[in-house]
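What follows is a short report on a single structure.
The values are calculated or read from the model by the stated rules, or taken from the named source; none is laboratory data. Predicted model, so just to flag it, every value in this text is computed and none were measured. Counting neighbours? That spans all protein chains shown, and the Cβs are built from the backbone with ideal geometry, glycine included. These accessible areas exclude ligands, DNA and RNA; they are computed on the full protein's heavy atoms, side chains included. Shrake-Rupley method; radii C 1.70, N 1.55, O 1.52, S 1.80 Å.
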Amino acid sequence: MNSILLIYTGGTIGMVRDYKTKSLKPFNFSNLLEKIPELNLIEADLHTISFEEPIDSSDMSIPHWQKLINIIDENYTKYDGFVVLHGTDTMAYTASALSFAFQGLQKPIIFTGSQLPIGDLRTDAKENLISSIHFAALKKNGESQIKEVCIYFEYKLYRANRTTKISASHFDAFASPNYPPLGESGVDIELNDNLLLKGEKKYEVYPKFSDKVGLLKIFPGMNKDFLYNCTRNLKIEVLILETFGSGNIFNDLEFNRILSERIKKGLNLVVTTQCFGGGVSLGKYSASKELLDLGAISGRDITTEAAITKSMSLLSKGFDKERFKVFFEKNIRGEIK
């Protein structure tokens, strides 16, 4: 029988409603089978670990990622798969971070959560949790079929670092704009084997992340003093520039001059797109040629969450500018085309 470890970090999925006070409170995950007796029907041996103090996902930070990474690494040989219960707001960030922290996974790490508490009448928590466990327990010829970090939500299994949250009010809260779902849960559990990572590299863990990463979203009519001062004074090593379309930006000589100075002093400039689908193609239009000439790094079709966490991971390895560019533009964990 497969052995699955459930790790509760916090979030709505781990809450129950006090119907006298109408407030939400965390419930004891050791009593999980009492809340979801259907779990007894799954052919898997379930174990649980909870953060000592469950946290709102808005408070997620690098130390929390490292704590989660350590829990999985310490238990890696004991279990066949891992299901992480997490708040939805920053789930795509945490899941993306873990995708870059683990190399050569031979087992699944599946994130899930819910929009409604587990005890509510119309909750989505039960289905999300049950199906996540089903996917985590899938094996073929004695090996786990899934060997990567995923997010499962509302009947679909996504690659974690291809996923972004798109809704605060609908059950289908996540989407993967540039990569198909890895699997779906309907009458049957369906898995698209041809889309999965193969986990061929040696298992290694890289738990370090640097916080010297900044994100700047470009928009029409930007206050130029803000733009110049923000860019000039940021004490960061990576600036992710979220641009229009396929990497386009307004032509501003002073902004270009400041960026050029910062790049010469070691700044890594990553260009991503604000568009939900598609990606960056620097130099395709004249509006992006200046960034290309400055030596900007193309984020191609990477999500914002993956661009940030990949940058944090690469910086922690102490790469120089040349190696950072090579590795950022390289498909490491299936995060870019």
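Please go through the range 121-144 and give me each residue that is open to solvent by 40 Å² or more (accessible area, probe 1.4 Å), closer than 28 Å to Gly199 by Cα and either β-branched (Val, Ile, Thr) or in contact (Cβ under 8 Å) with a residue 12 or more places away in the chain (or both), ordered by number.
Going through the range 121-144, the residues open to solvent by 40 Å² or more (accessible area, probe 1.4 Å) turn out to be 121-122, 126-127, 134, 138-143.
Checking the rest, the ones that are also closer than 28 Å to Gly199 by Cα come to 127, 134, 138-143.
Hits for the range 121-144 are Glu127, His134, Leu138, Lys139, Glu143.
Report those helices (runs of 4 or more DSSP H) wholly inside the range 1-115 carrying at least 3 residues which are of a type outside the set (A, V, I, L, M).
Values: elements: 32-35, 62-74, 91-101.
Filter on the range 1-115 gives 62-74, 91-101.
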Reported set for the range 231-247 where residues are more than 23 Å from the chain's Cα centre (by Cα) and open to solvent by less than 30 Å² (accessible area, probe 1.4 Å) is Thr231
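Picking from Ser61, Ser23, Ser50, which residue would you name as being more than 21 Å from Asp124 (Cα to Cα) and either open to solvent by 20 Å² or more (accessible area, probe 1.4 Å) or modelled with pLDDT of 95 or more (or both)? Reasoning before the result, please.
On the way: Ser23 fails: more than 21 Å from Asp124 (Cα to Cα); Ser50 fails: more than 21 Å from Asp124 (Cα to Cα).
None of the other options fit; the residue is Ser61.
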Restricting attention to the range 158-213, report how many residues are touching a Phe, Trp or Tyr at 6+ places or on another chain (Cβ under 9 Å), open to solvent by 70 Å² or more (accessible area, probe 1.4 Å) and aliphatic (A, V, I, L, M).
1
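Has the range 167-177 got any residue that is closer than 30 Å to Glu154 by Cβ, assigned to a helix (DSSP H, G or I) and either small (Gly, Ala, Ser) or in contact (Cβ under 8 Å) with a residue 40 or more places away in the chain (or both)?
Here is the first cut: in the range 167-177, the ones closer than 30 Å to Glu154 by Cβ are 167-177.
Restricting the remaining residues to those that are assigned to a helix (DSSP H, G or I) gives none.
Within the range 167-177, none of the residues are closer than 30 Å to Glu154 by Cβ, assigned to a helix (DSSP H, G or I) and either small (Gly, Ala, Ser) or in contact (Cβ under 8 Å) with a residue 40 or more places away in the chain (or both).
Out of Thr9, Thr77, which single residue is β-branched (Val, Ile, Thr) and more than 25 Å from Ala175 (Cα to Cα)?
Details: Thr9 fails: more than 25 Å from Ala175 (Cα to Cα).
None of the other options fit; the residue is Thr77.
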Of the listed residues (Leu314, Leu291), the one being part of a helix (DSSP H, G or I), over 16 Å from the mean Cα position of the chain (by Cα) and buried (at least 23 other Cβ atoms within 10 Å of the Cβ) is Leu291
